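**Q** Below you will find the structure I want to go over with you.
The values are calculated or read from the model by the stated rules, or taken from the named source; none is laboratory data. Predicted model, so just to flag it, every value in this text is computed and none were measured. Backbone-built Cβ (ideal geometry, glycine too); neighbour counts: all protein chains shown. The protein model used for the area step is the full one, side chains on, heavy atoms only, and it has no ligands, DNA or RNA in it. Shrake-Rupley method; radii C 1.70, N 1.55, O 1.52, S 1.80 Å.
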Amino acid sequence: MPLVGTGEIVGAAAAARHGCGAFNAIQLEHITAIIDGAAAAKAPVIVQLSQNAVKYHGSLAPVGTAALAAARGAVTPVAVHLDHAESADLVREAVALGFGSVMFDASKLDYADNVRATREVAAYCHDHGVWVEAELGEVGGKDGVHAPGARTDPDEAAEFVASTGVDALAVAVGSSHAMLTRDAALDFELIARLRERVPVPLVLHGSSGVPDDGLAEAVRAGMTKINIATQLNKVFTAAVADDWRAHPERVDPRKYLGAGRAAVAVEVRRLLGVLKLDHVEPVKVTIEQSLRD
């Protein structure tokens, strides 16, 4: 299946009133696990690389090229997305590399500066056929859309989209980044009001902190693109730790990283079922099955 644009996946999900999974990857094991999980679910998926992941690798090209190559070899539609880019230079690098979408994050700026910076990035990306997501931060604040207690005003969100021309909007409705527990309480009534006022798909960041029933209800209320990062890292780390405890003699990283990759693939498949508002039974994937020849 060829690499597809993020807009194709998000647009189809919005039309069907389903959610679509956008999963953050840090290294190649994440990338291949996300794609394997989507194949098992027979569902499209978005692989995301954040600005922080790019910093970890030292530059975008090595990990970005790997993600694009893996997506081109997938059996289900896969999009590759740059997440939380605060630099217009990084956005331009992603566009040149072949990314189909970017999330430009100017939410730490005040409203007027956020609009100006986002409008410039959106115009550049649209000139190059690239889909753009943005984030509307707390009014007058510097902590962004997921500051504690932050909530997005529906009228301001509609004005922001009209002023910037973005294709999707991340909004503050009660989730928070990097949560290790899954007990975030979302404001579903606010999601519904945002859906009524905002003419582009809504994006939920910090979704790892939301329980399964909350994710499903958020989709029913009007969310479309659901970003998940920390939950995959928790699953990956637990599987690697379990493998080390069970096999302390192992030194081949393919074995213990393979355990992490297999666990992430299963979790991606399960979460994609939640977002499609289906019940998906988990499948057992052994480490040996997950290893590549």
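**Q** Could you please state how large a percent of the accessible area of the chain is carbon and sulfur, counting protein chains only and using a 1.4 Å probe? Working shown, then result.
**A** Values: 6780 of 12360 Å².
Ligands and nucleic acids excluded, carbon and sulfur reach 55 percent.
**Q** Relative contact order for the chain: what percent, with Cα pairs under 8 Å and sequence separation of 6 or more?
**A** On the way: 630 pairs, mean separation 55.4, N = 293.
Relative contact order, the chain: 19 percent.
**Q** If you stretched the chain out fully between GLU249 and ARG151, how much longer would it get, using 0.36 nm times the residue separation minus the C-alpha to C-alpha distance?
**A** Here the segment from GLU249 to ARG151 would lengthen by 30.3 nm.
**Q** Suppose every K and R has +1 on its Cβ and every D and E has -1 on its Cβ; what is the size of the dipole of segment 32-105 about the Cα centre, in Debye to the nearest 20?
**A** Details: 4 positive and 6 negative charges, 53 e Å.
So the magnitude is around 260 debye.
**Q** Right, next: Which ³J(HN,Hα) values, rounded to whole Hz and listed in residue order, are derived for segment 234-243 from phi using the Karplus coefficients 6.51, -1.76 and 1.60 in 6.51 cos²θ - 1.76 cosθ + 1.60 with θ = phi - 60°, glycine and proline given as x?
**A** 4, 5, 4, 5, 4, 5, 5, 4, 4, 5
**Q** Right, something else. Any idea what angle helix 188-197 forms with the longest principal axis of the chain, computed on alpha-carbon atoms, 0 to 90 degrees, nearest 10?
**A** Tilt relative to the chain: about 60 degrees.
**Q** Determine the order of SER207, SER50 by accessible area, beginning with the largest, at a probe radius of 1.4 Å.
**A** Heavy-atom accessible area, descending, gives SER50, SER207.
**Q** Right, next: Place a +1 charge on the Cβ of each Lys and Arg in the chain and a -1 charge on the Cβ of each Asp and Glu, then give the dipole magnitude about the Cα centre in debye, rounded to the nearest 20.
**A** The calculated dipole for the chain is roughly 760 debye.
**Q** Just to make sure I understand: if all protein chains stay in place, what is the order of LYS225, LYS42 by accessible area at 1.4 Å, largest first?
**A** Accessible-area ranking of LYS225, LYS42, largest first: LYS42, LYS225.
**Q** Please give me the summed charge of the neighbours of ASP187: other residues whose Cβ is under 10 Å from its Cβ, Lys and Arg +1, Asp and Glu -1.
**A** With Lys, Arg at +1 and Asp, Glu at -1, the net is +1.
**Q** How do TYR124, TYR256, TYR56 stack up against each other in accessible area, from largest to smallest, with a 1.4 angstrom probe?
**A** Order by accessible area, largest first: TYR56, TYR124, TYR256.
**Q** Another one. Any chance you could get the radius of gyration and Dmax over the Cα atoms of the chain, in Å?
**A** That works out to 18.3, 59 Å for Rg and Dmax.
**Q** HN-Hα J couplings of segment 224-233 from phi, Karplus 6.51/-1.76/1.60, θ = phi - 60°, integer Hz, Gly and Pro as x?
**A** Each residue's phi maps through the Karplus curve to give 10, 8, 10, 8, 9, 10, 4, 4, 5, 5 Hz.
**Q** Something else about it: Among ALA262, ASN233, VAL121, whose Cα projects farthest towards the positive end of the dipole of the chain, with charges put on the beta-carbon of Lys, Arg (+1) and Asp, Glu (-1)?
**A** The listed residue farthest towards the positive side: ALA262.
**Q** Viscosity 1.002 mPa s, temperature 20 °C: give me the Stokes-Einstein translational D for segment 61-108 in µm²/s, with Rh taken as the Kirkwood radius over C-alpha pairs.
**A** Answer, rounded: 190 µm²/s.
**Q** Tell me, what is the 1.4 Å probe accessible area of GLU159, in Å² to the nearest 10?
**A** About 100 Å², ignoring ligands and nucleic acids.
**Q** How big is Rg to Rh over segment 27-90, alpha-carbon atoms, Rh as the Kirkwood inverse-mean-distance radius?
**A** With Rh from the inverse mean 1/r over Cα pairs, Rg/Rh is 0.99.
**Q** Additional query: Run the helix sum for the chain: -39,500 (n - 2.57) per DSSP H stretch of 4+ residues, divided by residue count, reported at 222 nm to the nearest 500 deg cm²/dmol.
**A** It lands at -15500 deg cm²/dmol.
**Q** Using a Gaussian network model of the chain with C-alpha springs under 10 Å, which one of GLY19, GLY98, GLY58 is most mobile by mean-square fluctuation?
**A** Per the Cα network of the chain with a 10 Å cutoff, GLY58 tops the list.
**Q** Note down the accessible area of GLU120, probe 1.4 Å, to the nearest 10 Å².
**A** 110 Å²
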